[in-house]
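Right, I'll just put the structure down here and ask away after.
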Amino acid sequence: MRATHEPQPYAAVNIDQALFNIRSTRQKRHVSTVAFDRAHGLLYVLEYRADGDKPLVHVWHVQT
């Protein structure tokens, strides 16, 4: 249980099925960076080394 002053998630989504570079269920680095554009409702997720040494950017529109 978390302390009352700690952030607590109210929702979670497993995005593994949308990723390209998942090689095993025990893989540690699925994504490297996540950012949310609140003004446009866009969630940006960088998938670690999905294209050789380059990350792949996924963008989702999130209704808030």
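The values are calculated or read from the model by the stated rules, or taken from the named source; none is laboratory data. Just so it is clear, the structure is predicted and the values come from calculations on it, not from any experiment. In this analysis, Cβ positions are derived from the backbone assuming ideal geometry, glycine residues included, and neighbour counts consider all displayed protein chains.
Mind listing whichever residues of region 16-29 are touching a strand residue (DSSP E or B) at 6+ places or on another chain (Cβ under 7 Å) and either surrounded by 10 or more Cβ atoms within 10 Å (Cβ to Cβ) or modelled with pLDDT of 80 or more (or both)?
Within region 16-29, 18, 19, 21 qualify.
Just give me the residues in region 30-50 being among the charged types (D, E, K, R) and either surrounded by 11 or more Cβ atoms within 10 Å (Cβ to Cβ) or in contact with an Asp or Glu (Cβ under 8 Å, 6 or more places away or on another chain) (or both), in sequence order.
37, 47, 49
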